[in-house]
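The values are calculated or read from the model by the stated rules, or taken from the named source; none is laboratory data. On a predicted model such as this, the values are computed, not experimentally measured, just so you know. Glycine gets a Cβ as well: all are built from the backbone with ideal geometry, and neighbour counts include every protein chain shown.
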């Protein structure tokens, strides 16, 4: 019977980062605390899993190999020495109790190798109390403990905690690399091209767009909203916003994405090749041709006021009607 191999996860782009981490492994200088930071969807969690395989791989020269027992267990999310901290609360942070449990586990020797790895993914919502509870473990970790964090920006972590970490940026990939990575994951070429036209090299957002109908609906609607805003088509704005108002959660997501589109358009007024974080570069470029700093501020303010109205239990249809008028007259 052929030996089962769990392939090393295909990491699109970020070759320099992967090379640096491999070199650390070869030189026995792996960090005891690693922060991977970058925009949502850029691949931080995939690289965190790859790093866990790297740390625990039984090979030194060609780690992670995907063939040894440790690599297989990490890849199948069954390694007893890899612990993922559970999220809790509205902000998706980590409770102090969870942190204390991990501190206790960190003192226990590994089961299968020389290291134990503790994952804190999406650490953006981590409270000050939880960070302080973790500080001593990160500051003076057991020799066998390694902590891995992912966050959109290093600024969400306390300076005292951040100073004990090795921080590495994770970047979106090129559009071509994104299309190739999507096809390797089984998506058709046309679907890959369509998704990349929306989100460029943000692989995570592309996958969400292709696999979640609600994400696709919100994305396509926001792109059309941006185009309507650029054309100053108040009727189309009202029609699209009223349709979104049928589901308050989807309305919030649409408004969040629209605000990012306005941000992208504002950046394009300064640099036409600016890195975009929204869902449609073409409509953002059209909007950028109509923007002034004052108009940008008014649009952003109108979206923020709509969020305040929704939080204050103003009816969704009434809130978007007011928003439509404010955007049209910005």
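Wholly within region 80-192, which strands (runs of 3 or more DSSP E) include no fewer than the required count, namely at least 1 residues that are closer than 25 Å to residue 216 by Cα?
The qualifying strands (runs of 3 or more DSSP E) are 145-151.
Given 95, 163, which one is surrounded by fewer than 19 Cβ atoms within 10 Å (Cβ to Cβ) and farther than 24 Å from residue 29 by Cβ?
Numbers: 163 fails: farther than 24 Å from residue 29 by Cβ.
That would be 95, the only listed residue that is surrounded by fewer than 19 Cβ atoms within 10 Å (Cβ to Cβ) and farther than 24 Å from residue 29 by Cβ.
Please find, within region 75-92, the residue that is nearest to residue 145 (Cα to Cα) out of those that are in contact with a helix residue (DSSP H, G or I) (Cβ under 8 Å, 6 or more places away or on another chain) and surrounded by fewer than 19 Cβ atoms within 10 Å (Cβ to Cβ).
From region 75-92, those in contact with a helix residue (DSSP H, G or I) (Cβ under 8 Å, 6 or more places away or on another chain) are 75, 79-83, 85-89, 91-92; that's our starting set.
If we keep only those that are surrounded by fewer than 19 Cβ atoms within 10 Å (Cβ to Cβ) as well, we get 80, 83, 86-89, 91-92.
Working: 80: 13, 83: 11, 86: 18, 87: 20, 88: 23, 89: 26, 91: 27, 92: 24 Å.
Per the criteria, the residue is 83.
If you check every pair at least six apart or on different chains, which have Cβ atoms under 6 Å apart with a residue in region 106-118 that is under 17 Å from residue 31 (Cβ atoms) and assigned by TED's automatic domain parsing to the domain that holds residue 68 first and a residue that is surrounded by 16 or more Cβ atoms within 10 Å (Cβ to Cβ) and at pLDDT below 90 second?
106/137
For residue 46, are the conditions met, namely being in a loop (DSSP other than H, G, I, E, B) and under 28 Å from residue 13 (Cα atoms)? Outline the logic, then answer.
Working: in a loop (DSSP other than H, G, I, E, B): no; under 28 Å from residue 13 (Cα atoms): yes.
So residue 46 does not fit the description; no.
Can you tell me which of (1) in contact (Cβ under 8 Å) with a residue 40 or more places away in the chain; (2) in a helix (DSSP H, G or I) is the one residue 30 doesn't meet?
It is condition (2) that residue 30 fails.
Is it the case that some residue within region 166-184 is in contact (Cβ under 8 Å) with a residue 12 or more places away in the chain, more than 21 Å from the chain's Cα centre (by Cα) and either in the same structural domain as residue 127 (by TED's automatic domain parsing) or surrounded by fewer than 18 Cβ atoms within 10 Å (Cβ to Cβ) (or both)?
No, because not a single residue in region 166-184 is in contact (Cβ under 8 Å) with a residue 12 or more places away in the chain, more than 21 Å from the chain's Cα centre (by Cα) and either in the same structural domain as residue 127 (by TED's automatic domain parsing) or surrounded by fewer than 18 Cβ atoms within 10 Å (Cβ to Cβ) (or both).
Farther than 14 Å from residue 41 by Cβ, surrounded by 18 or more Cβ atoms within 10 Å (Cβ to Cβ) and either touching a residue at least 40 places away in the same chain (Cβ under 8 Å) or within 19 Å of the chain's Cα centre (by Cα) (or both): is that true of residue 203 in this structure?
Details: farther than 14 Å from residue 41 by Cβ: no; surrounded by 18 or more Cβ atoms within 10 Å (Cβ to Cβ): yes; either touching a residue at least 40 places away in the same chain (Cβ under 8 Å) or within 19 Å of the chain's Cα centre (by Cα) (or both): yes.
Taking the combined requirement at face value, the residue does not satisfy it.
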